[in-house]
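Accompanying notes for the structure given below.
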Amino acid sequence: MKRVVSGAMNGTVRGVLVSLMLIGAGTLVTACQSDPDIDITKLGVETDPPDVLYKQGLANMNAGNMTEAGRKFSAIDKQYPFTEWGQKALVMNTFIATRQSKNEVAIASGSRFLKQYPRAKDAAYVQYMIGLAYSKQIADVTQDQRAAQRTIDAMNKVVNDYPTSEYVPDAQAKIRFARDQLAGREMQVGRYYLERKEYLAAVSRFRIVIEQYQNTNQIEEALARIAEAYYAMGLTDEAQTAAAVLGNNYPDSQWYDDSYKLLKGQGLEPRENKESWISRAGKKLVGA
């Protein structure tokens, strides 16, 4: 136990969490059973010094008792604020809240840590956990997507503020997923308007996807749908441009095949107008 607790003071809390996984449940539980100062079934004693409370918290975590572990770390946070033990305990509480999907608690705890210790060794990990907590709140595209935007904002801080951290790859993956959700929401609303022949409203939604979310899974359908909407409005030049941009970038797409057949049925074919906003937006696509 001394080795783990000592490491917590000298390194990062993330390192302690990894150590806990490597040590395994048996070691820490055995240590706790042989140490009269540690009782993982007992509530935290407020008169205990911070190192004892911290050791008890680690033991409870390793035994799978996250709730009791949180009580130990919360006791440190309350009794020894702005100390190194308090700093470590605050990270642990953020981790526990994230693990238990107490997302608002994790966000509040992590945000407080970053405000108090912006240059701490664990800052990148805490920022990542905040983003993770937001990502767990992302709803289906038929619902509000504020959590998706907050995920992007939080994970962008990981990427931009801690570019060499180990959390960057997953942060980028979470950003891509959240952006796809935002684009999916616009598509869902756009299809709603298209079905009701409210073409201008539909075009405005599909345009957001084409201009702001090019590198998402929604872009092919967005180009096909806007071609359909423009065609229905009699704006065949724009419809042909949308189909051409779609075909230039995704020639094997079923959405392109559908757009091609739509135009061909009226003796038209995909043809790009370089002056169109669709053509300008198309230059930002991966395949352009």
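The values are calculated or read from the model by the stated rules, or taken from the named source; none is laboratory data. Please read these numbers as outputs of a predicted model, since none were measured by experiment. Neighbour counts run over all protein chains shown; Cβ positions are idealised from the backbone, glycine included. Only protein heavy atoms, including side chains, enter the accessible area calculation; ligands, DNA and RNA are left aside. Shrake-Rupley method; radii C 1.70, N 1.55, O 1.52, S 1.80 Å.
Some points to look at:
- Taking 7 Å steps out from each Cα toward its Cβ at Asn248 and Arg176 produces label points 2.5 nm apart.
- The loop-placed GluC sites (Glu not before Pro) in region 109-216, going by DSSP, that have at most 15 neighbouring Cβ atoms within 10 Å of their Cβ come out as Glu166, Glu198.
- Carbon/sulfur fraction of accessible area - region 49-120, other protein chains in place, 1.4 Å, %: 52 percent
- Where region 219-288 is the region considered: accessible area per residue in Å², 1.4 Å probe: 51 Å²
- Solvent-accessible surface of region 49-162, averaged per residue with a 1.4 angstrom probe and all protein chains in place: 43 square angstrom.
- Gap separating the Cα centres of region 252-273 and region 132-178, nearest whole Å: 36 Å
- Taking N as its residue count, the alpha carbon Rg of region 143-288 over 2.2 N^0.38 Å: 1.14
- With the whole protein complex present, Ser279 retains an accessible surface near 0 Å², based on a 1.4 Å probe.
- Every pair of different Cα atoms in region 52-195 enters the Kirkwood calculation, which places the hydrodynamic radius at 16.2 Å.
- Extension gain for Lys197 to Ala232 (0.36 nm times residue separation, less C-alpha to C-alpha distance): 11.7 nm.
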